[in-house]
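Notes for the one structure printed next.
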Amino acid sequence: MRLFLTTVFLLFISESLEAHSHPNVILVLSSDVPRDELGSYGTDTQTPNLARLQKQGTRYQIAWAMPTFHLSQRALLSGKYPTTGNSPTEASTSILVEPEKTRSPDITVATILRKTGYLTLAAGKWATDGLTPVQESLIANGFDQHCILESSLRNQKGPQTIVVNGRERSVENAGKAINAFLIDFLSTPLDKPFFLYYPMLSPRPVTLDDETHQQSTSPISRAGDVDQFLGDLLDSLEESGQTENTLLVFTSIHGLATKTTSPPAKDLTDRNPATNSKVLVPFIVQAPFLSEGGHVTRDLIDFTDLAPTILELTSNTKLDNHQLDGRTFVPSLKGVEDPFEKRNWIYARAGNVHMIRDWQHFLDSDGNFHDLIKDPFQRESVSPLDKQAPGRKQRLELILQRLESKLTIPNSK
Amino acid sequence: MTIRPFLPMVFILLLSCHARAVEPEQTRVQSFLSSHCLRCHGLKSQKADRRFDQLDFSNIGLTDAGLLQDIVDQLNLGTMPPEGEAQPSASEIQQAVASLTSSLAKLREETRRTSGNVVLRRLNRIEYRNTIRDLFDLEMTGFDPTVTFPADSVTDGFDNVGEGLVTSDYLLQNYLDSARTIAMKVIRPGPRPQIVHYGIGGQFSSAPASAISTPDKDGRIDSGRLFIKFRQPLVIPDLNKSGVPADGEYAITFTACAVRRQSRYKDEDLRYDSSQPMRLSISIQSRELGPTSQSIVAEYEIPDDRSVEIEHRLWLQKGFTISVHWANGPEGSFKRIMRKVLPKYNPDALLLARNPPEMYVGSGPELHVKSLEIEGPFYKDWPPKGFSRYFPDPPQSPELDYLDQSLLRLASEAFRRPVNHEEIESYTTLTRNHYDKYGDYWNAARYGVQALLTSPHFLYLVEPETTDREELASDFRLTQHELATRLSYFLWSSMPDRALRSEADRGTLNNPKVIRAHVERMLLNDKASAFVDNFTGQWLNLRKLGTMPPDPEKNREYYANNLEDAMRRETELYFSHILQQNRSILEFIDSDYTFLNSALATHYGIPFEEGDSFRKVLIPESTVRGGLLGHGSILTSTSNGVETLPVTRGIWVLENLLGVHPNPPPPDIEPLEPDTRGVTTIREMMEKHRKIATCYECHRKIDPFGLALENYDHLGSWRSIYSKGLSIDSSVQLSEGTILKGPTGIKEYILARPDQFTRCLTEKLLVYALGRRLSFTDRADIDRVVKQLPKHNYSLRQLIHFIVASRAFNSK
């Protein structure tokens, strides 16, 4: 059934392909750099290129990724919330192993774009389920080309190995090499629009796995490096005259606790993967064909919203969202005020814990409820004197219940 | 100070006057008493300490009045003669009551009769306020020196009648306080105050544009957006701390835009009318004076989806602040919209929970105010006119002679007549002493002004009694200045202006042509609105409108369209039109036009073409309107907000159109019980009046006029059946047998008796003009007017000329 609908949809959009010019799409995801180290989200770091992006784009104050790279990638490319199961393997680890084999793989935004004539490229990091070989996984997810550091090859001392379209190449610094590859890619004119999915590598070697958040380099210098990488991309985009026709989204693969956004590491909440600060990410969108930029907004966004947005913009068709969990944020980019065209909650999940929030309140499936404006670190309960809170909590509970029943795979499967 | 002995003295003297009425009727009363009462209340026995055998009906005094009233009351109640005694017949009782009541009425009339000589009266609140305005050229918006004064009591229907205008200790204290406030306001010798400029939005950074911060509890996350009506004003925080720094003219500038006038929400859900353009209102208030000081000073229509910049200039008193509101936004609270309305439209919103305001903001109708600024004070003249008029070219160093001169200039205006140095010596001495003691020159000046403003010569319209034989011979004629004052307070409720004053100074005011020209001039002046407001307000009891407001739940339109103000305005415009166009006073009874705005036209069911504002409208033949009896103001003020009051309406017609004053009801009367089930009509209920003979005596005269108006409901809308489906019978029979059919019948009845109406209106005008009760001595003046007015087509303006020319108006 789903396949059928998608096919109908594909037919429909390929009809309209000739009629419009199709914007390029670039998704840049930083990693290992906390949100408030980046440009306008914080104050300390010198990040001139992020400032530049912000000036031409729309900055979202409240955007949620997923707590792990793996889940973020799934949500982002599929436009759907990852389902949860009660399999014993999953419960035991925070690196989620999807029960992929039990159901058909999701159709990704890359698959659809490729079919409509886009060149699709994955660069930087790639997360797999650990069962499928990397290249197979990339192709299955709809990518024509790739330039990645395979996760099994990471964290080595000395020279690193990147894989460019199937061929392994040994380089001094994988992050720099991949960025250089992309600059080349952007400078070379193409005869068709492209879709670039780019979870950045840290330019300096990181000694440990990024899931543990223990790194050797200081966050400040890494924020500067991210900014530099981004600046190079922006420059080459501009030089090749493609800025005007490119949707560029800058965000992070997951939230990251720091001294300023969360309590000291010893605090219990820091170890709890289900908190706002674990999923709150920077989110800046530059779409010169939609908006002049310079906006800051409190509109809510989570990672499932990227796929419907990209599909709407590349096909010039407003997508019927029933098949996807996300919702297009094109109205928000255009400056439409109507809240009915926007989200009024966002969702993330860590392990079997579901989290949901609105503009002010946070609720997880364990029943933790917090006022994020008064209590951003989720340290205290909401005051019983707060007259609004019970209603807000009820509403979030209701929506969370709906989602839980939709997203949980029963044990019997 | 030569003020005549106070009213009590006069009053006591009057009490000794006795009613003199020897009629055969009274012998009948006497025989009634002797046959039914005297056995218990006579020579031998004085039960309940009452004795009637000594009553002398040919010479009833006040001491006896109480006894007579007792008798009437007991007879009315039917408690006397007691059970077991021989009972008089109904007709006997009726006769006795009628006769005793009329004796009492005469006695009352006689004892309070002033014989037309009490003219000492103080300014009432309105006159005080207007006089201060004109004396010092003050802008009175937001400044009411009389705000704490006790209400003026109403005598013979008017609040400017000397007899009712008593002065209390409390009022005196208020006079002192107000005079001090006024003196502070007026004496402004310093340099021109600095101009300040506050604002939000636009060039000011603390902007409504600073969009999004913490959503507060009313969901006003973006201070430039107005979501609902009134409750959510937009203010300038910098201004709100202490208000404007000085009295003066300020310019308010704002940029506004109406957004989504029509939205996905149904009007009834938001309690809002999307067919009307959005209106933004400016209101002023003072933190010091509290919420009562708040008033709306202007309203502007804001176009859809287009920003307009509007500048509004207004006078603000020191300490006042401004705010803007959405005058016709959704009613009620933002909370209700979030709890009850939003869930109907958005499945993600939870019914009866306070959903996040972000879910609504941006979807419903909003009035956006992009910037709001205030700049001022600006002055046309500096120093202000009210100051420089009495204190021209203030000296650099303190000069006491200059103060004396200035106070003399002020006294001559404030006392409304020429004043010499000797007369105000006590005031100048007071001022000099103040300066000697405290050494502050301008404070001494303020002290002097305060003293003058508490002088009886200012507070009272003094027409001192003369002992001069020559003047006595001249029939107590008013002096030129007294005449100017009386005329000015008649038509303007304020002091004479410069032109009138100079005329009096020249001594040419009593020339009939001159005074006629002045009357014409004064009626054309804006200040004549005081006459229209105060006279119509009291003659027609318009001031009662709003004292029994209809139920807000059942009469939403009345409040939504502000019908109360519209109704009042209709009647005032109507009166004003007849006055300005010199029309016949008979148009008060019937005409083919009235003044309506669209809301009132809808209320009356009269077609109204485009536009909203008041204009003259011809009444279609099919509609029963025209004349005062069709005015919503009068019909609403003679109802109790739920149902009509035929008795009140009947009395209204008798007193205000026919000049007949029914006797007040006896005490201890059970009111008619309202029929909440609506199975009987008011007419059926009022049949009770017929069954009790003593009630019937008066009610047969009153009730028909009220019942004939039953087709107008409690808000003056036309109805042909009652709400419960019972039919309305508006044809009535008057006590003398005439049959009237509905309101038209009343109009025909009165138009057939133009003299009676003319006399009624003349009496009312004369009371208002003289500020005293009428007496039998005024009768000749009134008769003359009634006789002559028909020759002038019953012109209202001519009626006023007649009154100004009357002997009563020109005499003390």
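The values are calculated or read from the model by the stated rules, or taken from the named source; none is laboratory data. Computed from a prediction, not measured in an experiment: that's the story for all the values here. All Cβ positions, even for glycine, are placed from backbone atoms using ideal geometry, and neighbour counts span all protein chains on display. Heavy atoms of the whole protein, side chains included, go into the accessibility calculation; ligands, DNA and RNA do not. Shrake-Rupley method; radii C 1.70, N 1.55, O 1.52, S 1.80 Å.
What the table shows:
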read-out	value
Residues of region B:428-446 with amide N under 13 Å of the 7 Å Cα→Cβ point at B:SER397	none
Residues listed by number, region B:627-666, amide nitrogen under 18 Å from B:ALA105 label point at 7 Å toward C-beta	B:647-666
Interface size B-A, as summed buried accessible area [1.4 Å probe, Å², nearest 100]	2000 Å²
Share of carbon and sulfur in the accessible heavy-atom surface of region B:542-751 [1.4 Å probe, %]	51 percent
A:LYS55 paired with A:LEU398, simple spin-label distance in nm, labels 7 Å along Cα-to-beta-carbon	4.6 nm
Table column - 3J(HN,Hα) (Hz), region B:146-154, Karplus curve with 6.51, -1.76, 1.60, x for Gly and Pro	9, 4, 9, 5, x, 5, 6, 7, 9
Extension reserve of the B:LYS513-B:THR181 stretch, reckoned as 0.36 nm per residue once the Cα distance is removed	115.4 nm
5 angstrom amide H check on B:SER293, placed H, neighbours 5+ away	B:SER286
Extension gain from B:THR429 to B:SER35, taking 0.36 nm per residue of separation minus the Cα-Cα distance	134.5 nm
23 Å Cα-Cα reach of B:LYS791 towards lysines, excluding residues that sit fewer than 8 places from it in its own chain	B:LYS513, B:LYS747, B:LYS764
Karplus-derived 3J(HN,Hα), 6.51/-1.76/1.60, for each residue of region B:691-700, Hz, glycine and proline x	6, 9, 4, 5, 5, 4, 3, 8, 5, 5
Cβ-Cβ FRET estimate between B:LEU524 and B:ARG719, R0 fixed at 51 Å, reported to 0.05	0.80
Distance between modelled label sites at B:ASN555 and B:LEU172, nm, 7 Å Cα→Cβ extension	4.3 nm
Nearest-10 value in Å² for the accessible area of B:GLU399, using the 1.4 Å probe	90 Å²
Sequence-separation-based contact order of chain B, relative, with Cα cut under 8 Å and 6+ spacing, percent	13 percent
Averaged over A:392-399, number of beta-carbon atoms from partner chains that fall within 10 Å	4
Sum of side-chain charges, B:SER153 neighbourhood, beta-carbon under 10 Å (Lys, Arg +1; Asp, Glu -1)	-3
Amide H contacts under 5 Å for A:SER30, placed H, 5+ residues apart	A:MET200, A:THR251, A:SER252, A:ILE253
From phi via Karplus (6.51, -1.76, 1.60), per-residue ³J(HN,Hα) for region B:442-457 in Hz, x at Gly/Pro	6, 5, 5, 4, 4, 4, x, 4, 4, 5, 4, 6, 9, 6, x, 5
Expected 222 nm ellipticity per residue - DSSP helices of 4 or more, -39500 (n - 2.57), all of chain B, to 500	-11500 deg cm²/dmol
Cα-projected label distance for B:THR27 with B:SER307, points at 7 Å along beta-carbon direction, nm	9.5 nm
Full-stretch length increase - B:THR602, B:ASP267 - with 0.36 nm per residue and alpha-carbon distance subtracted	118.7 nm
Total lysine pairs under 27 Å (Cα atoms) in region B:196-378, excluding pairs fewer than 8 apart on one chain	22
Cut-off under 5 Å, modelled amide H: who pairs with B:SER811 long-range	B:LEU478
Percent RCO, i.e. relative contact order, over region B:542-751, from Cα pairs under 8 Å lying at least 6 residues apart	19 percent
R0 of 41 Å, Cβ-Cβ distance A:LYS406-B:GLU249: FRET efficiency to nearest 0.05	0.05
Calculated FRET efficiency for the pair B:ARG287/B:GLN87, C-beta based, R₀ 51 Å, to 0.05	0.15
